[in-house]
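The values are calculated or read from the model by the stated rules, or taken from the named source; none is laboratory data. These numbers come from a predicted model, not from an experiment. No Cβ is skipped: glycine too gets one built from the backbone with ideal geometry, and neighbour counts run over all protein chains shown. We work out accessible area using only protein heavy atoms, side chains counted, and drop any ligands, DNA or RNA first. Shrake-Rupley method; radii C 1.70, N 1.55, O 1.52, S 1.80 Å.
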Amino acid sequence: GAVAKEAINATVSFTKETNALARALGINTSEASALNVALGDIYSSSEVMTGAATKMAKQLRTNEDQLKALGLQTRDSSGHFRNMNDLMMDAIRIVGQYAEGTDRDIALQQMFGKGADEITGLLKLNAATIEEAKKKQRELGLVVGVENVDAMKRYRAVMNDVGDVLLAVKKAIGDAVM
């Protein structure tokens, strides 16, 4: 029972992280699950990536010209912002081109704003790392699709209902004792 519970919790956690990553970056859950595996491979996490995306969104709102000056193409040909995943990958590539030390630290702050030093680990993320992660993801069955997200939501709803039933039983016992 404990092994099954641990497996379910790990599945729910991975699916939840992947879903959050997909929403934050504007990609599908399959792409996000590969990215999540790649983030683990570079010893980072989905929380760091979503945090970096939030920081970049703020910089886009307040300092878009500064990002363009660094070489980041922020908008597509129709004038709309590019999707956050593409922006993040380009930003990571651009910052990685700066010499380690003060130059890179300044570029990180310009690209991501305050607290950008925690994002340094993401500089190891590149197309090759993601391709390797996609291969590993398929081999290990770590692809998270729409059906996995739906299953997680159904599971969480059922577990909430189980909690309600247990609370009702406890309340009935408590009422009888009081």
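A few remarks follow.
- Matching option when the condition is over 18 Å from S44 (Cβ atoms), free of Cβ contacts under 8 Å to residues at least 60 places away in the same chain and open to solvent by less than 70 Å² (accessible area, probe 1.4 Å), among R75, R82: R82
- Take the conditions (1) open to solvent by 30 Å² or more (accessible area, probe 1.4 Å); (2) over 19 Å from the mean Cα position of the chain (by Cα); (3) closer than 18 Å to L125 by Cβ; A20 misses just one of them, which is (2).
- Of the residues making up segment 36-49, those that are closer than 24 Å to M111 by Cα and either in a helix (DSSP H, G or I) or among the acidic types (D, E) (or both) are N36, A38, L39, G40, D41, S46, E47, V48, M49.
Yes/no matrix, rows are residues, columns are (1) in contact with a Phe, Trp or Tyr (Cβ under 8 Å, 6 or more places away or on another chain); (2) part of a helix (DSSP H, G or I); (3) acidic (D, E); (4) over 27 Å from R75 (Cβ atoms):
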{"residue": "L87", "(1), (2), (3), (4)": "yes, yes, no, no"}
{"residue": "A91", "(1), (2), (3), (4)": "yes, yes, no, no"}
{"residue": "Y98", "(1), (2), (3), (4)": "no, no, no, no"}
{"residue": "D103", "(1), (2), (3), (4)": "no, yes, yes, no"}
{"residue": "Q110", "(1), (2), (3), (4)": "no, yes, no, no"}
{"residue": "K114", "(1), (2), (3), (4)": "no, no, no, no"}
{"residue": "G121", "(1), (2), (3), (4)": "yes, yes, no, yes"}
{"residue": "T129", "(1), (2), (3), (4)": "no, yes, no, no"}
{"residue": "A133", "(1), (2), (3), (4)": "no, yes, no, yes"}
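- S33, sole failed condition from (1) over 25 Å from L108 (Cα atoms); (2) open to solvent by 50 Å² or more (accessible area, probe 1.4 Å): (2)
- Whenever a residue of segment 10-23 is of a type in the set (K, R), its partners that are assigned to a helix (DSSP H, G or I), lying with C-beta atoms within less than 7 angstrom and at least six residues away or across chains, give the pairs K16/M152.
- Among residues of segment 135-178 being in contact (Cβ under 8 Å) with a residue 12 or more places away in the chain, part of a helix (DSSP H, G or I) and not aliphatic (A, V, I, L, M), the one that is least open to solvent (accessible area, probe 1.4 Å) is Q137.
- Residue satisfying all of: in segment 50-71; in contact with a Leu (Cβ under 7 Å, 6 or more places away or on another chain) and either closer than 11 Å to M111 by Cα or modelled with pLDDT of 95 or more (or both); surrounded by the fewest Cβ atoms within 10 Å (Cβ to Cβ) among these: L60
- Failed item in (1) under 22 Å from the mean Cα position of the chain (by Cα); (2) assigned to a helix (DSSP H, G or I); (3) hydrophobic (A, V, I, L, M, F, W, C), with A4 passing the rest: (1)
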